[in-house]
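First the structure, in the form of structure tokens, and then the observations on it.
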Amino acid sequence: MRLAEDERGRVPFALVGVVLLVGSAALTATMARQQAPADGPVAGPAIEKAKSSSHAAIHAAIERAARQAGRNPIVEPANTSYGRVINESAPFRDYLRVRIYLAVVRALDGVRAREGAVVANPAVPDASNETALREGKRRIALEPVGADRSAGLRVRVRNVTVTTRRDGRLLDRRQFTPTIVVSTPVLALHARTQRFETRLNRGPLDGPGLGRRLTARTYALAWVRGYAQYGGAPIENVVANRHVEVLTNGAVLREQRRAFGRSDSGGRRAMGRATATVAVTDLTEASSVPGDRWVEYLFERTDEDGTTPTGVRAFANPDAPQRANATVGVNRSADEAFSRFVDAADADSLESVLASAYSADVKLTATVRQVDRHVWTSGQPAENWTLVGERTETNVRVRPAPASNAPSPPAWDRYRSYSRTVERMHTTTKRWRDGDRTRRTQRHRRVTFRVTIGVLGNPAPRAPGRSGEIASLYERGGPLDGPNMQDVPRKAVETLVENRGGPDELAWRAVEGSLDTGVKTVRADRPEGLSAWVYADLAALRERTRTVSVAADRRSAATGRRRPGNLLGRVLRDRRAKLVDAPERYDSVADRARIAARAAYLDRVRERLDERSQRSRTVRRNVDRALSSAGLPSLERIERISASREAATPGRSMIPGAGPVEGVAVSVDAEPSYLTLAAVDADPVGEYHPLVARNVNVFTVPYGDAADRVVEGVFDGFDRRRVDLGTAARTLRAADRTLQHRDDRRLAATRDELRTDVDASMRQVRRHLASSLARESSLDRRASRAAVEDGLAAWNGTAEQALAVSNGSAAAPIADAAVERLPAHERTDRRRDWIALRVRLELAGLARQERIRPPERPVDRTANRTRRVARAALTKAVEDGLATADERAKRRWFGRVLSAVPAGLPVTPIPGYWYATVNVWHVEVGGTYARFTLQARYGTPASGPVEYTRADRTVRVDVDDDGDPERLGRNAPVSFRTRTVVLVVVPPDGSGVGDVDGDADERSPGWPGRSDNP
Amino acid sequence: MMAGRAVSSVLDVTVCLLLVSASAVTLTHAPTTPDREQPGRADAVLELLTTSTVRIDYASSPSRPDDASNLTAHGTLAGLLAAGTVANATAHGEPIAPSTAGYRRAVAASVRRATARQDVRVQVLVRWRPYPGAHVRGRFAVGPSPPPSVDVDAASATVPWGPSPVRRRAVGVARWEGFAGVSRAIADGLVGGPYSSIRTDSTLAGARRAAVASAYGIESSTDEVASERLRRAVERSVEADLRNRFDSPVEAARTVSFGRVRLTVRTWSP
């Protein structure tokens, strides 16, 4: 049967369909089943979702936490259990970590990722106590992104736990550590503020910062005002605290620019106003009248005088006086060396120099030559004769020989030669006997010598200066037509030959070997006018030497860092040949003597300069001691401070960004924006002094003569009872002048007292001068006194006379008067010069005589009273209007009076060498900003800009979330303290430089009464 | 020869074919991939807004367009939008915050740049409501509303913008201090300081300050006392809102959404 027709076992098609349907349904069911694994619901997607939302939440939390931390940062952790969580070495960073941690805890609290029935919960443990907080803090790792102080912050939050549950049943628990980069500039703001504060606290030698800026500014001011004062401007307080205030604020604003790129705009405006106010105060400080009239007055006065343009010009160029060189001359050293040289009787004196020039060394020289020797005998003894006696006879015969010259060694002149033939005959006679027979035999030995004796001379061997050929040495001639050494050969022969027995004798001695060839000195006759002639020449040299000067940087000269004495000594050495001016060939012995004297004199000057230099060193040491006893740095340190001035370079105003934040602008907002010395009422602290300052003027002792003290090295604990005559004289003159214009009984009384004292001093001066004149000239005491009177008569009044004495200008008239009184034959140039010189030196020496120095008290009282009267007069004059022509003539008196008060330390190693006046100001400042806010212009309108605020506030954070914030630490205001020292040097004369208002130690109202301060 | 079959062949084949078709259908409908909806265009835009970050520079005060008043902000578009929304809040319909026009212009421009498509129109709408039924609310829209006739694809999400402790505090005090405590927590968040809608500091210009004062029916002033008075007034208004709407303070506290805004994206084809 065909298969097709087989009907057995037929299955319906439908059954196949059923099988297919069931199969596909089963397959579908299996596939559907595979989607849901047997072990329950899936956690993965929920976890992923939880991670990404926690990422966003943490990001926002960090940004917020950073803002909050910046708004009230911790500077000092509190000593509480929570406060100790904050590390003291980097409190702000740690505080930021704590805040980030707390913010993350709270942010994650709200994050819940749901995927179907699966819920994923990210979390970090709560901070319920300080241990948990410490643990939590450690979960947070911070690092700045990119460069330090840039705007980015990379934060790692360690071990965030994600718990996944389904219907409350735990599915999964795993941890992850997100790393999140947040652009928040708060760390950068903190770092910049730290740096700002560090720089503010730097002293001038600690590196760049406020100290250096303040130094630069104070220097400029002190030099300008110091010079103006020296120039006669009535400045009583060169560096006042009101200046310190403006200078400090200017420097601090610069530091703000340096640290933040820009300064507080309010501060800049206040600074401008303050500068203007202080400038006006400066101009009107001597009067109570504001304004422009005083400016007019001040400048007009300085112009009219013509003597004081420095100060005024200095206003235009504040750097100028600092660069000014002082010209330091030999000056009085020349006089003193001269006086000592001419007057002394020792080996270094003029007399001995002249003597050595007019003397010669002389000696003998001898040559002995044997020319013949002859031996013969007479008589012959027989064999058996006996010798019974022997006798020897020597016969010497000297007879002239043909002339020949004795040799002369170099540098010796041969004055005379003697030639002799010396015959020496030895005759030996022997007597013989044979029985009684005697017989004589003789033996002759004759030796003949040729002897040449020379008389040698060496003129002026020990005279200073170049020895050289002298033209008309042994003949008359030269400028004085003197005999020169004409008589020296004769004297030499006389001494060496004739006085010793004559040439024959000498020839014989030469043969014998007993000739004395030692050197003898023979003095030549000096011409009549030699001494006067050499004196005149020396006096001219003295005047020339006096003007030798060096330009020394005034500051280093004054402080003795480069000692002018040394410099001058070097210059003199270099110029010595020119100053001695020795000719190629001396034309006479007088000439030689003149040069010898010049050379010797210059050596004396050098010695004086060395002493001077030595004294500068002592002065420097003593000044150092004075400074250190006042608690100030040494001169060397002051010099380094003054060299440490720094140019201002603005910093960057943008915080460099990291990632998407390229740069964020910063602005400064300080409260108060300008630090005043006066108290202000500021927000968190109430009334306080934003700035405290103290400036100490070291050498203000108004009338104590600090110079002498420094010279004597007894600066501390010195005797203040007496003052220098010049100071007293200046004070007296100012009082006299004042009394001419104003009647003031008290002033008149103190003036009279002072005048009595000055008169007493002047009596001593007269006595000293008179006795000195009597000593130096042939005048008797009465004539000497009269001469002193005559000389002083050129000045009217006690004050002027005392001033003339103290500044040396009285010397010339007194000397002239003395010379007038001499008999005519004594009125020589030499006398004149000598007396003038002696009087000059006498006057300089008087300054050191304690009995001449007037007592201090009357000087002090008179000066104070004078100043008060003059100031009142000035005020009134300005009020009345100075413009009227009548007033013009008179108005200068009070200006002069006000500027006449001496100040500062005259640097005078020896009285009379006043080449500068120095003064030192020591300035200390301390400042505090009640609130100092840095703003990074970064944020949305909702958050506002990022701020970093420093103020005196407690920092509290609600750590355990109980609604009661815990104290973690303190914020602290930005505050600083620094100091500097200013050294001002002005030229000598004038009234010097210094604070003369009697307030040497000026402290601002808020200055703490600290005892560790100088 | 014709032995009868049990079933008609025609019927048999028909049934078979039916069953084969049924199994085919079964297989076709078998779940081959996880059952997830394809994201729509609005979702894509929403994701873009929450993930992409931008930097904007803006003038904080329109009256001082100089450098010093320029601020920089950086963050996700959603975050920037949220901040703009909160900072633009109104109380009883009155503007209470300093002008944020500069900021919002800058944010809107960034959003537009980021969401620009040739074939799609996008509207981003952000709303802030510190709690349901609040009298203070913020709104910030970028792009026009869709015309009523078109098909609109929409997606929305809540985005955190700032401090979350308001809700925590509210919940914390609700049980013990009742509506007053919840209101105080909310008012503390609203008034004063950064992150608050109602500024009391000097950044608030005179006219705005007057507006704030009138919105709460108090005198306009800047001193400490005035800002405390303002805080009290806000507290009273909040409490009134809450009492109107909720029966229990705990319930009210749980609904506080102070730290979040709702971001809605709507897309349609032009």
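The values are calculated or read from the model by the stated rules, or taken from the named source; none is laboratory data. Here the structure is a predicted model, which is why all the values come from computation and not from measurement. Backbone-built Cβ (ideal geometry, glycine too); neighbour counts: all protein chains shown. Ligands, DNA and RNA are excluded from the accessible area calculation, which covers all protein heavy atoms including side chains. Shrake-Rupley method; radii C 1.70, N 1.55, O 1.52, S 1.80 Å.
Worth a mention:
- With a Förster radius of 56 Å applied to the beta-carbon distance between residue B:158 and residue A:977, the computed FRET efficiency rounds to 0.55.
- Packing-based order for A:58-64, A:588-594, using average beta carbon neighbours within 10 Å, highest first: A:588-594, A:58-64
- Cα convex hull, the stretch A:719-843: 101 Å³ per residue, rounded to a whole number.
- Here the 3J(HN,Hα) profile of the stretch B:236-245, calculated from phi with Karplus coefficients 6.51, -1.76 and 1.60 at θ = phi - 60°, is 4, 4, 5, 4, 4, 4, 5, 4, 4, 9 Hz, Gly and Pro shown as x.
- Across the options A:444, A:358, A:409, the greatest Cα extent toward the positive end of the charge dipole of the stretch A:329-468 (unit charges at beta carbon of Lys, Arg, Asp, Glu) belongs to A:444.
- Residues in the stretch A:432-437 carry Karplus couplings, in order, of 10, 9, 9, x, 10, 7 Hz; the curve used is 6.51 cos²θ - 1.76 cosθ + 1.60 with θ = phi - 60°, and Gly or Pro positions show x.
- Potential lengthening between residue A:621 and residue A:584 on full extension [0.36 nm per residue; Cα-Cα distance subtracted]: 8.7 nm
- Heavy-atom accessible area for residue A:1004, with the other protein chains in place and a 1.4 Å probe, reaches approximately 10 Å².
- Given +1 at the Cβ of Lys and Arg, -1 at the Cβ of Asp and Glu and no other charges, the dipole of the stretch A:815-868 around its Cα centre is 400 debye to the nearest 20.
- Backbone geometry of the stretch A:955-967 corresponds, through the Karplus equation with coefficients 6.51, -1.76 and 1.60 at θ = phi - 60°, to 3J(HN,Hα) couplings of 10, 10, 9, 7, 6, 8, 6, 9, x, 10, x, 8, 7 Hz, x marking Gly and Pro.
- The loop-placed trypsin sites (Lys or Arg not before Pro) in the stretch B:83-138, going by DSSP, include none that has at most 10 neighbouring Cβ atoms within 10 Å of its Cβ.
- Between residue A:440 and A:432, the built amide H atoms are under 5 Å apart, and every one of these is 5 or more places off in sequence or on another chain.
- Nonlocal amide H pairs with residue A:969, under 5 Å, H built at 1.01 Å: A:78, A:955
- These residues, A:363, A:578, go from largest to smallest accessible area, 1.4 Å probe, as A:578, A:363.
- Per residue of A:961-968, other chain Cβ atoms within 10 Å of the residue Cβ number 1 on average.
- Net +/- balance of residues flanking residue B:77 in space, Cβ distance below 14 Å, scoring K and R +1, D and E -1: +3
- Ranking A:15, A:364 by solvent-accessible area of protein heavy atoms (1.4 Å probe, all protein chains present), from largest to smallest, gives A:15, A:364.
- Residue order for A:193, B:90 - accessible surface, 1.4 angstrom probe, largest first: B:90, A:193
- Treating r as the C-beta distance of residue A:388 and residue A:521 and R0 as 60 Å, the FRET efficiency rounds to 0.60.
- Once backbone amide H atoms are built at 1.01 Å from N, residue A:974 has A:929, A:932 as its partners under 5 Å, excluding neighbours fewer than 5 places away on the same chain.
- Modelled FRET efficiency - R0 22 Å, residue A:48 with residue B:117, Cβ distances, 0.05 increments: 0.20
- A simple packing score, the average count of other Cβ atoms within 10 Å per residue, orders the peptides A:209-218, A:754-763, A:510-519 as A:209-218, A:754-763, A:510-519, with the highest score first.
- Label-zone membership for the stretch A:955-975, site residue A:131, 7 angstrom Cα→C-beta point, backbone N under 18 Å: A:960
- Spin-label pair residue B:57-residue B:10: with each label point 7 Å from Cα along the Cα-Cβ axis, the two points sit 8.8 nm from one another.
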